[in-house]
Amino acid sequence: MSPLFIFLIVLVVGFLGANLFRQKLLTKVYLPAGLEYILLGILLGPSFSGWLNVNFGLNIPNLVDDNMLRQMAPGIAAATGIIGLVYGLRFKVSDFQNADSEHIRVATFDIIISVLVIGGISFFVFYFYLFPGSKIENILAASAALGIMGSVSSNSLIKSIMNRYQITGKITSALDVSTKINLDINIFLFGLLFGIIHIGSTNTFIKSPIEWIVTSILLALLIGILLNLFLGREEDEKKFFVAIIGTIVFTSGIGYFINISPLFMNFILGFILANFSKIAGKIEKPLTKISDPVGILVVIMAGFNWIPLPPIFFIVAAAAFILIRFVSKRFSGYLAYASSFEKDKLIPNIGLGLLPQDIIVCAMIVDYINVYQNEFTNLVVSCILTSMIFFGLISYRLSKRLLIDAGEIRGAAK
């Protein structure tokens, strides 16, 4: 049975089953979109079934084996590329120019403190305790990945609250704008990681991190220029859509081949088109329609690639990561408030609204796994996926309570 056919079966069954499950569950609790597909990917993945077979003496067959995962890797790279392009098309310089300084302050403190605290503590633990004999570049890559992915906050959750309660207060606006900036900057930082700690650089004529970063950005710029030249006057929507998909596949293929994140490459391409081309609007509309099913594919793939850690080690590592992330987000929110000039636009515990993680993190996980295969990979994936599930389940209630306490949601029970 071909990998594509198996993946289509998983996608259809998962979509129908998870949505039926979601409709029943939503009557009792809030379940962020995408979490059910992480669990689906974990349960159907070869690593989890193998772990159950070894530890509990079971004989569960593998629906998808490691060889099939390798065959599907280029296609999944293209899927992460679609997500990257969608996010890049929404990243406009005018958003920064028009953003309130206090909102930028929240995003800045959030990113800097989260990356430094989570990444710094991870590096200290890895280097001195868990993996003292490992290569320094592997330790740095794992620590930076945990810091950047741990720093990501969800914009979709605050959007869902805004739409549900029809609110546009100062705190709501601060969370909306700051989380949007957070996503854009963290995707960019994530891409820089692949250039700074590049795998396979010794086998090419490009040697330094700066050269890899500049090369990846220039390639995306060149593709953007060519796309604008060839499609600038194209009016046939079908031809236009096919050309865009082909461009995404081509850009993702380049990123996959040179070990630079396809998510990052297409994000830069989208940013260039959004800010310097007139065809951005024509691109974003059709891509947005397919971003949800493509996102499901990427989320399931992230779950497929999760390899269980020893139970005690997993519990300690995941709990420590969740605690560190919680403290860093709360601390960064408080510092943003304490240093603000217009304190009526923020509140001391605004960090509670920065806790949910965006599904874009699953695309980051997939790109990270494709490049950084070492002793840290399973630990990084386990911590991030557990954190996504944990904060996904508690963050809606925390954010809602935050806005109730701020007086922006009225007439709703805590």
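The values are calculated or read from the model by the stated rules, or taken from the named source; none is laboratory data. From a predicted model like this one, the values you see are computed outputs, not experimental measurements. Virtual Cβ from ideal backbone geometry, glycine too; neighbours counted across all protein chains shown. Areas reflect the complete protein model, heavy atoms only, side chains present, ligands, DNA and RNA absent. Shrake-Rupley method; radii C 1.70, N 1.55, O 1.52, S 1.80 Å.
How many times 2.2 N^0.38 Å is the alpha carbon radius of gyration of region 314-394?
This ratio for region 314-394 stands at 1.31.
Using a Gaussian network model on the chain with a 10 Å cutoff between Cα atoms, which of A107, A174, A99 fluctuates the most?
Of A107, A174, A99, the Gaussian network model singles out A99 as fluctuating most.
For the chain, what does -39500 (n - 2.57) per DSSP helix run (n ≥ 4), summed and divided by total residues, give at 222 nm, in deg cm²/dmol to the nearest 500?
-25000 deg cm²/dmol
Separation of region 64-125 and region 345-390 by C-alpha centroid, Å?
9 Å
Rounded to the nearest 0.05, what FRET efficiency is calculated for L398 and K239 with R0 set to 45 Å and r the Cβ-Cβ distance?
It comes to 0.45.
How many nm separate the modelled label positions at E211 and D292, each set 7 Å beyond the Cα in the direction of the Cβ?
4.6 nm
Could you give P(r) for region 93-180, binned at 5 Å from zero, as whole percent values over all Cα-Cα pairs?
Going out from 0 Å in 5 Å bins, region 93-180 shows 3, 14, 18, 16, 14, 11, 9, 8, 5, 2, 0 percent.
Considering only P209, I121, I258, whose Cα is most displaced toward the positive end of the charge dipole of region 3-406, charges sitting on Cβ of Lys, Arg (+1) and Asp, Glu (-1)?
I121
Given a 10 angstrom Cα cut-off, can you work out which residue in A243, A141, A280 is the most mobile in a GNM of the chain?
Looking only at A243, A141, A280, the biggest GNM fluctuation is shown by A243.
Enter the accessible area per residue of the chain (Å², integer; probe 1.4 Å; all protein chains in place).
46 Å²
Which of V54, V115, V299 moves most in a GNM of the chain, Cα contacts under 10 Å?
Result: V54 has the largest fluctuation of those listed.
May I ask you to derive the FRET efficiency for K285 and L116 from their Cβ-Cβ distance with R0 = 35 Å, giving the value to the nearest 0.05?
Taking R0 as 35 Å, the efficiency between K285 and L116 is 0.35.
Would you mind getting the Kirkwood hydrodynamic radius of region 165-274 from its Cα pairs, rounded to one decimal in Å?
15.8 Å
Under the rule a/c < 1.5 gives rounded, and otherwise a/b versus b/c splits prolate from oblate, where does region 221-357 land using the Cα gyration tensor?
It comes out oblate by the Cα gyration axes.
Once a ≥ b ≥ c are taken as the square roots of the eigenvalues of the Cα gyration tensor of region 308-348, is the result rounded (a/c under 1.5), prolate (a/b larger than b/c) or oblate (a/b not larger than b/c)?
Judged from the Cα gyration tensor, region 308-348 comes out prolate (a/c at least 1.5, a/b above b/c).
Using 7 Å Cα-to-Cβ label points, what is the L58/F250 separation (nm, one decimal)?
4.6 nm
Compute log10 of I(q)/I(0) for region 250-294 with the Debye formula, placing one identical point scatterer on every Cα and leaving out solvent, at q = 0.20, 0.23, 0.29, 0.30 Å⁻¹, to two decimals.
-0.73, -0.88, -1.01, -1.02
What is the distance, in nm, between label points placed 7 Å from the Cα along the Cα-to-Cβ direction at S160 and at S339?
With each label point 7 Å from Cα toward Cβ, the separation is 3.2 nm.
Relative contact order for region 3-406: what percent, with Cα pairs under 8 Å and sequence separation of 6 or more?
29 percent
Can you give the FRET efficiency for N228 and I136, using 1/(1 + (r/R0)^6), R0 = 45 Å, r = Cβ-Cβ distance, to the nearest 0.05?
0.60
If you roll a 1.4 angstrom probe over the protein chains with everything in place, what fraction of the accessible area of the chain belongs to carbon and sulfur, to the nearest %?
68 percent
Would you work out which of A77, S399, P46 lies farthest towards the positive end of the dipole of the chain, given +1 charges on the beta-carbon of Lys and Arg and -1 on that of Asp and Glu, about the Cα centre?
Result: S399.
At q = 0.11, 0.12 Å⁻¹, what is the base-10 log of I(q)/I(0) for the chain according to the Debye formula with one equal point scatterer per Cα and no solvent? Please give it to two decimals.
-0.85, -1.02
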